[in-house]
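Just so you know, all these numbers are worked out from the coordinates, no wet-lab data involved. The structure displayed is predicted, hence computed values, not measured ones. FYI the Cβ positions are ideal-geometry reconstructions off the backbone, even for glycines, and counts take in every protein chain you see.
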Amino acid sequence: MTRISDELRSAVAERAGHACEYCRLPDRLQAGGFELDHIVPASRGGPTALDNLAYSCPHCNDHKWAHVEGLDSATGDTVSLLHPRQDRWDDHFGWSKQRLLHIIGKTPTGRATIARLQLNHAELVEIRRQLAAFGVLVIPQDRR
């Protein structure tokens, strides 16, 4: 396991706005702390460098693990997962109008990332509900 300096950890957290770069949960109320995800895993040659690290909640980091691809739920095709340094979150995801606090995939990458990281797992949706009730998580009003 690579030692990551406090300075690098802080830079990644600041760049992410102290929120998970995959599910958008803020880190303020996370007792266990957030993790740094190697977007391209170290086991696949990914460097421990600012441009290859994403700020990740424990749930997303555990489910992403060493994966860089997933299955698009609409087509069954294997596609790349969200790459937070190359992809814009809003291009691939939105918020559901029908199922409040659920993330929807707008692209194959979005759908595969939702499935692989289980972004709509009941526990995550409940956390979002509680954070929204306390005004900690604000869902944009132009949900799809």
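If you sort the three axes of the alpha carbon gyration tensor as a ≥ b ≥ c, you get a/c of 1.5 or more for the range 83-127 and a/b above b/c, which makes it prolate.
Phi-derived couplings, Karplus 6.51 cos²θ - 1.76 cosθ + 1.60 at θ = phi - 60°, listed residue by residue for the range 35-40: 10, 9, 9, 6, 4, 9 Hz, with x used for Gly and Pro. Residues whose amide H falls under 5 Å from that of residue 69, counting only those 5 or more places apart or on a different chain, are 81, with hydrogens built in the peptide plane.
If you find the alpha carbon centre of the range 31-51 and of the range 54-108, how far apart are they in angstrom? Between the Cα centres of the range 31-51 and the range 54-108 lies a distance of 17 Å. The slack between residue 27 and residue 136, meaning 0.36 nm per residue of separation minus the straight C-alpha distance, is 38.2 nm. Between residue 107 and residue 10, the simple spin-label model (points 7 angstrom out along Cα→Cβ) gives 3.3 nm. Annotation: the chain has a Kirkwood hydrodynamic radius of 15.5 angstrom, from the mean reciprocal C-alpha pair distance.
Per-residue ellipticity at 222 nm computed for the chain from its helices equals -8500 deg cm²/dmol, with DSSP H segments shorter than 4 residues left out and the rest contributing -39,500 (n - 2.57).
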